[in-house]
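Colleague: Let me begin by handing over the structure; questions about it come next.
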Amino acid sequence: MKTVRSVSILFILWLALQICFAPPISAAPFAYVTNFSANTISVLDTATNTVTATVPVGTSPGGVAVNPDGTRVYVGNYSSNTVSVLNTATNTVTATVPVGNGPWGLAVSPDGARVYVGNEVGGTVSVIATPTNTVTATVPVGTAPSGIAVSPDGTRVYVATAPGTVSVIATATNTVIATVTVGGGHERSRRQPGRHTALRGPA
């Protein structure tokens, strides 16, 4: 019971960070849904509630994030250790970026210049520079990092980890400047293969 409660607290914190730091969206005509077992991402038109495209990505896609201007979608491929970059105008993969072991959670910086990827198996966060689609830094954090959120000013990244901690990364130096204890429990006890969704506002 104690482990379940601790995991629930960690999940609630991660969800709160996602809500608090999410960019404002007045309307979201498209949703992007990762299909873990099918190795695809579905594009859903929210105005008609229909799937308009199904795009092949890497193996075991999980986490997904949309950049602020809605032109790119980033998909963490858990089993192939890559991030697929989707062009939303054409619904095609334009780049595949090698990252750490077991990418899961993703977050895009407010200016769209960087993507932060939590590598669950590797215990690191990969920093992708979006202009070049290359990894510019790899930051060691706690065990099994998953949920990630970027502060509104882009100066901090918050990473929820399995031991019940949040690692705080300073984006100027790509170093962990604080580790906050929030609860206990292993990340795998709440991560299940399935679907993740991200929304894109009007162009």
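Colleague: Round to the nearest 0.05 the FRET efficiency obtained for Asn133 and Val180 when R0 = 22 Å and r is the Cβ-Cβ distance.
Modeller: Step by step, r from the Cβ atoms, then E = 0.10.
Colleague: Net charge near Ile169: determine it from the other residues with C-beta under 13 Å of the C-beta of Ile169, scoring Lys and Arg +1 and Asp and Glu -1.
Modeller: +2
Colleague: Here is a follow-up. Collect residues whose amide H, placed 1.01 Å from N in the peptide plane, falls under 5 Å from the amide H of Ala162; neighbours closer than 5 in sequence don't count.
Modeller: Thr143, Ala144, Glu187
All of the numbers you see were taken from the coordinates with simple rules; none came from a lab. Since this is a predicted model, take the numbers as computed values, not measurements. Counting neighbours? That spans all protein chains shown, and the Cβs are built from the backbone with ideal geometry, glycine included.
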